[in-house]
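The next block holds one structure in the form of structure tokens; read it before the comments.
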Amino acid sequence: MTRQLRFVPDHALVEVTTRTLHGRPLLRPSPELNDLVLGIIGRAQAHYRMTIHAFVVTSTHAHFILSPDNAEQLARFMQFVNGNMAKQAGRLHLWPERLWSRRYRSIVIADEQAALARLRYVLAHGAKEGLVEGGPGSWPGANCVAALCRGEPLRGTWLDRSAEYRARMRGESVPGMRFASTYDIKLDPLPGLQHLTESQRQTETRHMIKGIEAEAEATNRAQGRVPMGVAAILAQDPHARPARLERRPAPFVHASDRETAAGFRGRYRCYVDGFRAGARRLKARVGEFVDLFPLSSFPPALPFNASS
């Protein structure tokens with residue numbers, strides 16, 4: 001099966017998901033990993049100027065709601081985040097193999113109602129699966145619940161491992177935090193909430209959280225489900241592979257009605273047609289450039305085709 005073309009219109013709202021290999025809890029939360037994850041996201045935001053609306057990092061996957069300027073910015077931001085999270089989690093959990101099961105998946109959120117639904121979905125992690133008691137704010141991993149509900153800062157530590165390595169190669173002593181710096185994560189409101197004041201947005205988020213808590217409690221009672229609890233979550237073996245993974249096909253687009261979804265599908269079909277036509281033209285002309293490069297070489301890839 002061929003991989004779907006990445007279609008991210010400029011300034012689109014997207015939900016990004018990335019999952020660990022085999023569903024292993026390789027992102028098992030801890031104070032140290034949480035601090036490093038927040039530092040990675042904060043540095044990536046500062047470097048690539050990404051607009052972040054919400055995020056959560058669970059033991060097995062991470063979700064982000066973002067508003068990238070274009071597909072290139074999204075790709076560079078996620079490459080930085082996923083690459084560095086894999087390095088830090090692998091170091092902490094003694095995992096020498098690759099951490100992510102595949103590249104991230106980005107799904108466009110096509111309207112304001114769908115955006116609120118996806119925000120609720122991201123905030124519900126930990127509670128909706130019956131993992132923690134006390135609601136989403138009890139999840140011990142990196143998340144944005146306290147920041148959106150109460151305005152608490154999201155701050156983490158970035159460790160410059162490259163500078164640390166170069167110092168060691170020079171024979172210098174390298175204390176643990178010599179190459180550490182602190183980054184804050186700035187959360188922007190969803191487009192549909194920008195007309196509200198910060199206090200009003202916090203009130204709306206707290207109301208959303210109460211609904212999530214009530215729904216999780218009702219589900220726990222109906223299913224006879226006892227939450228796993230924070231202590232058990234922190235005690236998980238990060239290398240353990242679950243016996244069964246729940247897999248569902250990802251939606252093509254997040255939309256609150258069929259008309260909006262159909263409109264986006266039409267835009268995607270036009271994009272695919274244009275891409276394939278360009279690929280045919282490029283293939284027809286590639287012979288003109290072959291002689292510019294030596295044999296057995298890979299010519300450089302084409303640059304991202306950004307809108308002017």
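Quick notes
- Residue ID - most open to solvent (accessible area, probe 1.4 Å), chosen from residues in segment 36-65 that are farther than 18 Å from Leu99 by Cβ and not in a strand (DSSP E or B): Arg49
- Within segment 212-253, the set of residues being out of contact with any helix residue (DSSP H, G or I) (no Cβ under 8 Å at 6 or more places or on another chain), surrounded by 10 or more Cβ atoms within 10 Å (Cβ to Cβ) and acidic (Asp, Glu) comprises Glu215, Glu217, Asp237.
- Just one of the numbered conditions (1) open to solvent by 30 Å² or more (accessible area, probe 1.4 Å); (2) under 21 Å from Phe252 (Cα atoms); (3) over 12 Å from the mean Cα position of the chain (by Cα) is not true of Arg103: (3).
- Close Cβ contacts (under 8 Å, 6 or more residues apart or on different chains) running from residues in segment 93-121 that are in contact (Cβ under 8 Å) with a residue 24 or more places away in the chain and charged (D, E, K, R) to residues that are surrounded by fewer than 17 Cβ atoms within 10 Å (Cβ to Cβ) and part of a loop (DSSP other than H, G, I, E, B) comprise Arg105/Ala250; Asp111/Ser256; Asp111/Asp257.
- Filtered residues of segment 254-308 (kept if surrounded by 10 or more Cβ atoms within 10 Å (Cβ to Cβ), assigned to a loop (DSSP other than H, G, I, E, B), out of contact with any helix residue (DSSP H, G or I) (no Cβ under 6 Å at 6 or more places or on another chain) and hydrophobic (A, V, I, L, M, F, W, C)): Val286, Phe293, Ala306
- Of the criteria (1) in a loop (DSSP other than H, G, I, E, B); (2) modelled with pLDDT of 95 or more, which one Ala75 fails: (1)
- Selection over segment 142-168 of residues that are without any contact (Cβ under 8 Å) to a residue 60 or more places away in the chain, farther than 18 Å from Leu193 by Cα and open to solvent by 30 Å² or more (accessible area, probe 1.4 Å) gives a count of 7.
The values are calculated or read from the model by the stated rules, or taken from the named source; none is laboratory data. Everything numeric here is computed off the predicted structure, so don't read it as measured data. Counting neighbours? That spans all protein chains shown, and the Cβs are built from the backbone with ideal geometry, glycine included. When the accessible area is computed, the model is the full protein with side chains, heavy atoms only, and any ligands, DNA or RNA have been set aside. Shrake-Rupley method; radii C 1.70, N 1.55, O 1.52, S 1.80 Å.
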